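Working notes, structure below.
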Amino acid sequence: MESIYLGIVIAPLAAAIVAGLFGRTIGRAGAHWVTIVGVAISFALSLVVLKDIVIDGAAVFNGTVYQWAVIGDIRMEIGFLVDHLTALMITVVNFVSLAVHVYTIGYMRDDPGYQRFFSYISLFTFAMLMLVMSNNFLQLFFGWEAVGVVSYLLIGFWFKRPTAIFANLKAFLVNRVGDFGFLLGIAAIVLHTGSLDYATVFGRAELLDAESIEVLAGRQWSVLTVACICLFIGAMGKSAQVPLHVWLPDSMEGPTPISALIHAATMVTAGIFMVARMSPLFEYSEAALSVVLIIGATTAFLTGLLGIVQNDIKRVVAYSTLSQLGYMTVALGASAYAAGIFHLMTHAFFKALLFLAAGSVIIALHHEQDMRRMGGLRKYMPITYWTALIGTLALVGFPGMSGFFSKDALIEAVHASTTFGAGFAYWCVLLGVFVTALYSFRLLFLVFHGEERLDSEARAHLHESPAVVWAPLVALAVPSVFIGWFTIEPLLFGEFFADSMLVLEEHDVLHEVGEEFEGSAAFVLHAFTASAAIWLALAGAIVAWVLYLLRPELPGRIARRFAPAHRLLVNKYYFDWFNENVLAGATRGLGRLLWSVGDRTVIDGAIVNGSARGVAALSAIVRRVQSGYLYHYAFAMVIGLAALIGWLILRG
Amino acid sequence: MIDYYPAAAEIFLATAICVVLLVDVFLRDEQRMITYWLSLAALLGTAACSALFFVDEPVTTFFGSFVADAASGVLKLVAYVAVALVFVYSRDYLARRNLFKGEFFILGLFGLLGIMVMVSAHSLLTIYLGLELLSLSLYALVAFNRESATAAESAMKFFVLGAIASGTLLYGISLLYGVTGTLEIGTLAERLSGPDGMGIPALVGLAFIVVGVAFKFGAVPFHMWVPDVYQGAPTPVTLYIGSAPKIAAFALAWRVLVEGLGDAHASWQGMLIVLSILSLAIGNIVAIAQTNLKRMLAYSTISHVGFILMGFIAGSDDALSAALFYTVSYVIMAAAAFGMILLLSREGFEAEQLEDFKGLNARSPWFAFVMLMIMFSMAGVPPFIGFYAKLLVLGSLIDAGLVWFAVLGVLMAVVGAFYYLRVVWYMYFDDPLDEAPIAAPGGMRVVLSVNGLGLLVLGVFPGYLLELCMRVL
């Protein structure tokens, strides 16, 4: 099996190298063929692994492939941990990645950076696979940073646009804040366990909890809590949780396939995956779980609200992603790791679908992204419309669709949780359902229904996108509909994740939810009677219908009536303002101060130039000793000899 | 019965020199290439003798006044390579200046013989003999261009100061002989290690000997001859003085101070520390003010001597190996550096000013790169060999507990980096003052390129040379 695991990661890497370095030689078609074949191989192999693990019940593989270095007792290795969680993740990643690869052929058709783009997305697939297949913290960190770098490259793919450069810099810097926490967490773990290996570290989780560390003077904290919170700060960066979420909406400056692949389906879920993988650590720290829960709930609700006021089609989907990532995080905080991963999986499908559908609209309108200049596209682009409708229904949790199962189970789990902050989180996620339905249907109605607000030239060329674009939509629509129905029972209530996640008995909320579970159909029926979520979703849809189809003049009036609230939302709670003016401004001020005083005056002026001038002056003096006169030279020798003898005699 | 085999290389070389001398007398000027090739053949033959009679265990002969051991074998082989490089680099330069005479090669070979005798000396008298043979050859070589007034001046200075140093050394030797009644190094060490071996008379003798060693190395304050001679001598002679005799200086210090006076380590350690610090400081600081490359390299030599002395100061076997490693690397670097000056010189033009290297990159990117490697290596930038040489001697100082001294050495290396990097700056970031193409012949270009690349290769794979240095000492 080891060679299969290697094949999974190496196939996309090799394809990325070929397309990246020899792109000019193999041409555009060559580049997309080589990368698609690479990812297809990887996908096929991950299906083999999935079958091997899930159906044949193969044992968990945890082994080292290559030892990179040994420093003291710390071994730095490249190794794979392949269990149910890994098998699921690699399949999802590869499936979405394959769909996006195919879709890119159509979306990027006229782009001069065609080969570069394919190389990047293949490289990204490699990095993400390394991350999820890792069996140690070092490789996890490698994958973590590698996806970050590729994300940076891709957000700034159109590097001639100033906005894209701003966005990729922002994404990189914000992620750096998170990564710093992540690195501190890893460092704390290595410091106290002396190992980078998951299995070894997890085995010592309880011991870690007993040890304490002095973070602030006089305050003793459990090492485990500190390490977990630090790790979660990393997850907050990558998975865009408040207040490190600000980069994700801006990342929409990248090409749409990237938004689908990286900023919806895979990279942003790395944080969720990481916390789930670290469940044996988080489980022993109530404080860390509470932090996760509260941050997630805040993100889920607040960022959802922002989606309502956005006019850029991709940004609406982006805020929706933020909100859904918040949902997943809430599940993690409630110890319902399986529910988080389940929602991650269903979300990967329907969110990629929504992004690609948005992309399809954008291509059809020649890179128009403003929803105020769309409308009524339903009849021009039927396939895109129907798939987008499926994606929307899945997202809002229409009974029977994949998103319904994952979200409803998640909300029930939070309801059952007793972790500190669970009450707050429950209300956030519940009200979030209404918000989700509102912005989702708003998007659908503004784009596909209502009056046509297109300009006439765009309408003349309007037609359904080509097959390479709509085929991936259909491919993603299928699991968006069905995957929840079939997988909820094994994933959430069965033993699927038993080998990869640890849930303490007192935290086992999914078990409580599962006691009432009597099959998917019953779950759907039960939802109508016992859960408010479904009615809230319906209410959201109706409100959207009223506001954007029935009485389109209403939103403007509401915005004027509640001008302060509207301004708060339009300005995204002033996070960007705060970051740019307060944080960045203060840092720049400090930097200028240090530069002018510290660098220019002290270091350059006194130390560097001062010492250089000093040495030069000294040099000019000393060289005069070299007078050229023979008797001076001989005299120096005699003096030297006398000094040496004198020193010897005096010394004794 | 005297065993002649340990001295086979010396005997062969002496004979070969006589042959070259005789042949050269009967050659016309245009046939001088024969002398050149014969000299190289003599070097090759000598090297073959050394390799053939290489011994792992020390063998003494000539009544204990001559020794052949692994270290001497290796030192001699390095000296052959250095002298061969000198001959190859110099040929074209000499020919263009009407200096392509047999004397250059014959004196060069005699100097080499002196170096070999010093390297294999096992008696203070043998050392002195070798030293004089080397020195006399060098005096003559410096004055070898009779037309040049500066060369004559520097030869005069060199001769007078050298005579003072020789006299000092000889006086120290006579004091030691008076104390111990022997000149043979092994016996000397034995007698000095006795209970009252190192009395005041022996210490005074030691001080005189240290002066002799310091002069040979060119350590401050016995360095005054170095800049004047380096600058005044014809560049091929500077190349010669700058490379092979450093091996002789190393051998002198090693044979006399370590093998003969090893028990007085505490006494000479202090003196060497003073010399080393002064050399590092004066060498590096004054080099900054130089505009003449040959003079700058002279001061650079002085600073490198400070580093070589560090190995002797630390005193352990590993430290001596480090000093040997440093000496060998320095010889290779110095040969390449002066080789570059010769490469850029042509009829009526000496490329010895720093400014002559301006914009070299525009004229010849490859040789600008070679010069870059040489300068980086001298400054001690990884991955060039000069880096490891510095690292090893500094490491040996730290092992010996002299951390403050190691820190001082690093600081001085930083000062030194300035003037090496200035050359690189000139080559890459200034416009050339001189657009003439490089006139040197192909053979020299190849050898110089190999020499320069050697700094990189040995720096990336220092293990082999390092192991050799560790094994022989």
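The values are calculated or read from the model by the stated rules, or taken from the named source; none is laboratory data. Quick caveat: nothing in here was measured; it's all calculated off a predicted structure. In this analysis, Cβ positions are derived from the backbone assuming ideal geometry, glycine residues included, and neighbour counts consider all displayed protein chains. These accessible areas exclude ligands, DNA and RNA; they are computed on the full protein's heavy atoms, side chains included. Shrake-Rupley method; radii C 1.70, N 1.55, O 1.52, S 1.80 Å.
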Candidate set from region B:174-191 (those that are open to solvent by 10 Å² or more (accessible area, probe 1.4 Å) and of a type in the set (A, V, I, L, M, F, W, C)); member that is farthest from the other protein chains (Cβ to nearest Cβ): B:Leu183
Tally of residues being open to solvent by less than 20 Å² (accessible area, probe 1.4 Å), under 16 Å from A:Gly296 (Cβ atoms) and in a helix (DSSP H, G or I) across region A:406-453: 16
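Residue under question is B:Ile332, and the condition is that it be closer than 27 Å to B:Val74 by Cα, open to solvent by 10 Å² or more (accessible area, probe 1.4 Å) and either among the hydrophobic types (A, V, I, L, M, F, W, C) or within 14 Å of chain A (Cβ to nearest Cβ) (or both); does it hold?
On the way: closer than 27 Å to B:Val74 by Cα: yes; open to solvent by 10 Å² or more (accessible area, probe 1.4 Å): yes; either among the hydrophobic types (A, V, I, L, M, F, W, C) or within 14 Å of chain A (Cβ to nearest Cβ) (or both): yes.
When the stated conditions are applied, B:Ile332 passes them.
Tell me, yes or no, whether region A:15-37 has at least one residue that is within 14 Å of A:Val93 (Cβ to Cβ), β-branched (Val, Ile, Thr) and either more than 25 Å from the chain's Cα centre (by Cα) or modelled with pLDDT of 90 or more (or both). Talk me through it step by step, then tell me what you get.
First pass over region A:15-37, keeping only residues within 14 Å of A:Val93 (Cβ to Cβ): none.
Looking through region A:15-37, none of the residues is within 14 Å of A:Val93 (Cβ to Cβ), β-branched (Val, Ile, Thr) and either more than 25 Å from the chain's Cα centre (by Cα) or modelled with pLDDT of 90 or more (or both).
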Residue in region B:212-222 that is open to solvent by 10 Å² or more (accessible area, probe 1.4 Å), of a type in the set (Phe, Trp, Tyr) and in a helix (DSSP H, G or I) present: yes
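Kindly indicate whether any position in region A:454-463 is open to solvent by 50 Å² or more (accessible area, probe 1.4 Å) and among the acidic types (Asp, Glu). Explain how you work it out, then say what you get.
Of region A:454-463, the ones open to solvent by 50 Å² or more (accessible area, probe 1.4 Å) are A:455-457, A:459-461, A:463.
When the remaining residues are screened for being among the acidic types (Asp, Glu), the result is A:455, A:457.
There is at least one residue in region A:454-463 that is open to solvent by 50 Å² or more (accessible area, probe 1.4 Å) and among the acidic types (Asp, Glu).
Tally up the residues in region B:370-415 that are under 20 Å from B:Leu456 (Cα atoms) and touching a residue at least 12 places away in the same chain (Cβ under 8 Å), please.
The number of residues fulfilling the criteria is 24.
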Members of region A:612-652 found to be more than 9 Å from chain B (Cβ to nearest Cβ) and under 60 Å from the mean Cα position of the chain (by Cα), listed by number: A:Arg613, A:Gly614, A:Ala617
Boolean, B:Leu169 is touching a residue at least 60 places away in the same chain (Cβ under 8 Å) and surrounded by 21 or more Cβ atoms within 10 Å (Cβ to Cβ): no
Among the residues listed as B:Ser65, B:Ser39, the single one being touching a Phe, Trp or Tyr at 6+ places or on another chain (Cβ under 8 Å) and polar (S, T, N, Q): B:Ser39
Any hit, region B:200-211, residues being within 24 Å of B:Phe312 (Cα to Cα), more than 10 Å from every other protein chain (Cβ to nearest Cβ) and open to solvent by 10 Å² or more (accessible area, probe 1.4 Å): yes
Some residue of region B:434-442 being more than 21 Å from B:Leu297 (Cβ to Cβ) and part of a helix (DSSP H, G or I): yes
Filtered residues of region A:184-213 (kept if in a loop (DSSP other than H, G, I, E, B) and under 20 Å from A:Ser500 (Cα atoms)): A:Ser195, A:Leu196, A:Arg204
Tabulated pairs, region B:256-274, first within 10 Å of another protein chain (Cβ to nearest Cβ), second small (Gly, Ala, Ser) and open to solvent by 10 Å² or more (accessible area, probe 1.4 Å), C-beta under 7 angstrom, 6+ apart or interchain: none
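Is it fair to say A:Ser611 is loosely packed, with under 12 Cβ neighbours inside 10 Å, free of Cβ contacts under 8 Å to residues at least 60 places away in the same chain and part of a helix (DSSP H, G or I)? Before you say what the answer is, go through the steps one by one.
Details: loosely packed, with under 12 Cβ neighbours inside 10 Å: no; free of Cβ contacts under 8 Å to residues at least 60 places away in the same chain: yes; part of a helix (DSSP H, G or I): yes.
Against the criterion (loosely packed, with under 12 Cβ neighbours inside 10 Å, free of Cβ contacts under 8 Å to residues at least 60 places away in the same chain and part of a helix (DSSP H, G or I)), A:Ser611 does not qualify.
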Some residue of region A:148-160 being under 22 Å from A:Ser360 (Cβ atoms) and assigned to a loop (DSSP other than H, G, I, E, B): yes
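Of A:Asp576, A:Asp599, which residue is of a type in the set (Asp, Glu) and within 30 Å of A:Pro243 (Cα to Cα)? Let's see the steps before the verdict.
Numbers: A:Asp599 fails: within 30 Å of A:Pro243 (Cα to Cα).
None of the other options fit; the residue is A:Asp576.
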Residue check for A:Asp604: more than 14 Å from chain B (Cβ to nearest Cβ), farther than 30 Å from A:Leu305 by Cβ, under 49 Å from the mean Cα position of the chain (by Cα) and surrounded by 12 or more Cβ atoms within 10 Å (Cβ to Cβ): yes
Scope region B:444-473; condition out of contact with any helix residue (DSSP H, G or I) (no Cβ under 7 Å at 6 or more places or on another chain) and under 24 Å from B:Tyr89 (Cα atoms); matching residues: B:Arg445, B:Val446, B:Val450, B:Leu453, B:Val457
Boolean, B:Leu170 is assigned to a helix (DSSP H, G or I) and either over 23 Å from the mean Cα position of the chain (by Cα) or facing another protein chain (nearest Cβ under 10 Å) (or both): no
